[in-house]
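Taking it in order: structure first as structure tokens, then the write-up.
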């Protein structure tokens, strides 16, 4: 396992499957009355958020706390950063306080890479979203959600997503979620199709390991999972598309379109959803929509990543073979073994 | 001033000859010249060129003396074999008045390391709205003949047309930084395969090419000459080639870094590779080399752009654009053009001295190496090989993309009107 998690493209198939399998173990913790493991007791994790993102920060925080880490939350607003402090000085200040891992969200693409490779700090770096570059834990939680729904919770263990057809719809150009998902899903053997108006597909996409289509209706019947991305209304003012209504008509997912998907196919969304824009309430609230599951799975995935990056090689959760749902697992941390 | 005998130098890469400097002038060129009364410089295996001329340098003074001053910048120039540099106008305050250009000109005179010819801004404050007093800058002590808003594009077609027309009155030239501003909002690197992966805002080739196409047509229409700064794409080469074939009076420059580096380097997110125009693709690099060889691109200009360490020791998005170049330019040109067989040393003299001096009207520079000419000379050891060590730079800044890279060639001596500014690689 690597020391940092910067890009989904850095993960091998075996790395990714290990994270997904570990996340399944972590998910069992969430089913218990006491949702806590002592694995990261005495370790300090800082959530370094230069961009507002309540959802991702809370998810990481929940994961860290369930692993018993000491958590420091640092948001740029009102901090020394807003007074002009550099990323380097902020990072070194935190490291001087004895931080073991830095979870970073930054508006500049590549900031986590620079933090991990510049020699500024020794701590493990986890990318919680950088600019329009990568958001690897989002891709992992999406893959986890797909594996559970399309392969099975138990039968999925050790498995990848070979042959699954995934369609990603929306603002590909500005989306770190799309980039991460294309990389990871390709590694896991899935076939990815991107659907967007041509204005929202990056120049250079032809080198990505996926297909590109401008026609949602033709792709839907051949999809096992359809991931809708948020489209910011501001994009309209930059002439990426004429009006919200036209965007919705051509690229939004409503009940009628959802009916064209195969029976088993799921609808995904990384949130926050803009209801009425890329997705209608009917679809968002349907059983096929996994948006709430994705949030829950996000905590499990982030626990798995933190554990694998910081916890060493010992099992986080030991248990007798999971033949039933009995919460009879013995939990041992590194120190206890 | 005493006599200097440069013995056995390959003048412009030709057969070994002796060159005798007497005072400020080349007294004699021949074989077996007498060394009597002269300091002898043994130049076995070395190439003697006219002192190099850089049409595109950022000296940063006034305003950003933390990154470079006229003194440190001209010392860097002498180290790199230059005897004349043209100082870009994007200082603080902007060089858009006779007062500022005269200040820079005076600082250059005082430095004594190389001649400094200030470039005047085309528009007030580089804002692209209102013509600066071009005539006053021309008539000032600085005698400005090159005008540029470099760093920004003169994007308003009417302002560009007027500037092209206006400077004809005194034989000036407008040097355009070709960058369509709307197409490059938020641009961080070349738009293409790499930018798509890295999620960095794209700077498309068409943003450069469309301005060049417009400007060569404007130049043709009003019968003016136009110079294109730091041309960086294969498409731009095609447009300039077409314009020249039509007889349009256009000249163009390429930077050393665009002859060698590509956008693949940006994958490191190391801001030392952040520059404007951005590093392009391998295909562009090859087209630029070919165009420099066949004369479509007229000259090499460094776009030496010093920045303090903190402006590069940060995440990509926050970093400043630009690279220092004066002290590595000749090595990069040897590596990419001479050692590849694309250009002879005589060709290098043309692209880095004769033609830039002609475009910028740098009197006394870029002259032939022959008796009676001003002794502006540079001596190069082309056999040298070694890694670039920024710690040894004379520039105040260290933002070179070549740190640790092995490059051929080393400037050992530079003479400015007979005075040695660099001897055995040491500034005097």
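Values for this structure:
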{"quantity": "Evaluation of residue A:284 against (1) touching a residue at least 40 places away in the same chain (Cβ under 8 Å); (2) in contact with a strand residue (DSSP E or B) (Cβ under 7 Å, 6 or more places away or on another chain) (one fails), failing number", "calculated": "(1)"}
{"quantity": "Condition broken by residue B:314, with the remaining ones in (1) away from chain A (no Cβ under 14 Å); (2) assigned to a loop (DSSP other than H, G, I, E, B) satisfied", "calculated": "(1)"}
{"quantity": "Count - residues of the stretch B:272-295 that are in a loop (DSSP other than H, G, I, E, B) and either within 14 Å of chain A (Cβ to nearest Cβ) or surrounded by fewer than 22 Cβ atoms within 10 Å (Cβ to Cβ) (or both)", "calculated": "6"}
{"quantity": "Conditions (1) buried (at least 24 other Cβ atoms within 10 Å of the Cβ); (2) within 12 Å of another protein chain (Cβ to nearest Cβ); (3) touching a strand residue (DSSP E or B) at 6+ places or on another chain (Cβ under 8 Å): number failed by residue A:205", "calculated": "(1)"}
{"quantity": "Residue in the stretch B:64-73 that is assigned by TED's automatic domain parsing to the domain that holds residue B:305, out of contact with any strand residue (DSSP E or B) (no Cβ under 6 Å at 6 or more places or on another chain), part of a helix (DSSP H, G or I) and touching a residue at least 60 places away in the same chain (Cβ under 8 Å) present", "calculated": "yes"}
{"quantity": "Candidates B:232, B:245, filtered to the one that is more than 14 Å from chain A (Cβ to nearest Cβ) and free of Cβ contacts under 8 Å to residues at least 12 places away in the same chain", "calculated": "B:245"}
{"quantity": "Residue that is nearest to residue A:299 (Cα to Cα), among those in the stretch A:92-108 that are in contact with a helix residue (DSSP H, G or I) (Cβ under 6 Å, 6 or more places away or on another chain) and within 14 Å of chain B (Cβ to nearest Cβ)", "calculated": "A:104"}
{"quantity": "Residue tally, condition within 13 Å of residue A:251 (Cβ to Cβ) and surrounded by 18 or more Cβ atoms within 10 Å (Cβ to Cβ), over the stretch A:208-220", "calculated": "3"}
{"quantity": "Sole exception among (1) within 14 Å of chain B (Cβ to nearest Cβ); (2) surrounded by 15 or more Cβ atoms within 10 Å (Cβ to Cβ) for residue A:85, by number", "calculated": "(2)"}
{"quantity": "Failed item, numbered, when residue A:127 is tested on (1) within 14 Å of another protein chain (Cβ to nearest Cβ); (2) more than 24 Å from residue A:228 (Cβ to Cβ); (3) in contact (Cβ under 8 Å) with a residue 12 or more places away in the chain", "calculated": "(2)"}
{"quantity": "Scan of the stretch B:282-312 for residues that are in contact with a helix residue (DSSP H, G or I) (Cβ under 6 Å, 6 or more places away or on another chain) and either without any contact (Cβ under 8 Å) to a residue 40 or more places away in the chain or under 25 Å from residue A:132 (Cα atoms) (or both), ordered by number", "calculated": "B:312"}
{"quantity": "Lone qualifier among A:283, A:267, A:226, A:231 - being assigned to a helix (DSSP H, G or I) and touching a helix residue (DSSP H, G or I) at 6+ places or on another chain (Cβ under 8 Å)", "calculated": "A:283"}
{"quantity": "Residues located in the stretch B:104-142, provided they are assigned to a loop (DSSP other than H, G, I, E, B) and more than 23 Å from residue B:78 (Cα to Cα)", "calculated": "B:121, B:122, B:127, B:128, B:129, B:130, B:132, B:133, B:140, B:141"}
{"quantity": "Residue within the stretch A:298-306 that is buried (at least 17 other Cβ atoms within 10 Å of the Cβ), within 30 Å of residue A:257 (Cα to Cα) and modelled with pLDDT of 80 or more present", "calculated": "yes"}
{"quantity": "Single match in B:117, B:103 (criterion: out of contact with any strand residue (DSSP E or B) (no Cβ under 6 Å at 6 or more places or on another chain) and touching a residue at least 12 places away in the same chain (Cβ under 8 Å))", "calculated": "B:103"}
{"quantity": "Count - residues of the stretch B:27-51 that are closer than 24 Å to residue B:362 by Cβ, in contact with a strand residue (DSSP E or B) (Cβ under 6 Å, 6 or more places away or on another chain) and outside any loop (DSSP other than H, G, I, E, B)", "calculated": "5"}
{"quantity": "Residues satisfying the stated conditions in the stretch B:255-271, i.e. within 14 Å of chain A (Cβ to nearest Cβ), without any contact (Cβ under 8 Å) to a residue 60 or more places away in the chain and assigned to a helix (DSSP H, G or I)", "calculated": "B:268, B:271"}
{"quantity": "Boolean, residue B:249 is touching a strand residue (DSSP E or B) at 6+ places or on another chain (Cβ under 9 Å) and buried (at least 24 other Cβ atoms within 10 Å of the Cβ)", "calculated": "no"}
{"quantity": "From the options B:113, B:105, residue that is crowded, with 24+ Cβ neighbours inside 10 Å, under 20 Å from residue B:65 (Cβ atoms) and at pLDDT 95 or above", "calculated": "B:113"}
{"quantity": "Extreme residue, nearest to the chain's Cα centre (by Cα), among residues of the stretch A:181-202 that are surrounded by 15 or more Cβ atoms within 10 Å (Cβ to Cβ), without any contact (Cβ under 8 Å) to a residue 60 or more places away in the chain and within 14 Å of another protein chain (Cβ to nearest Cβ)", "calculated": "A:182"}
{"quantity": "Residue count for the stretch A:130-143, restricted to those that are more than 15 Å from residue A:225 (Cα to Cα), over 8 Å from the mean Cα position of the chain (by Cα) and more than 10 Å from chain B (Cβ to nearest Cβ)", "calculated": "0"}
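Residue by residue, here is whether (1) away from every other protein chain (no Cβ under 14 Å); (2) assigned to a loop (DSSP other than H, G, I, E, B) holds:
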position	(1), (2)
B:178	yes, yes
B:187	no, yes
B:200	no, yes
B:206	no, no
B:209	yes, no
B:213	yes, no
B:224	yes, yes
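Condition check ((1) part of a loop (DSSP other than H, G, I, E, B); (2) closer than 30 Å to residue B:319 by Cβ; (3) not assigned by TED's automatic domain parsing to the domain that holds residue B:125) across all residues:
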site	(1), (2), (3)
B:144	yes, no, no
B:151	yes, yes, no
B:155	yes, yes, no
B:194	no, yes, no
B:197	no, yes, no
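The values are calculated or read from the model by the stated rules, or taken from the named source; none is laboratory data. The structure displayed is predicted, hence computed values, not measured ones. All Cβ positions, even for glycine, are placed from backbone atoms using ideal geometry, and neighbour counts span all protein chains on display.
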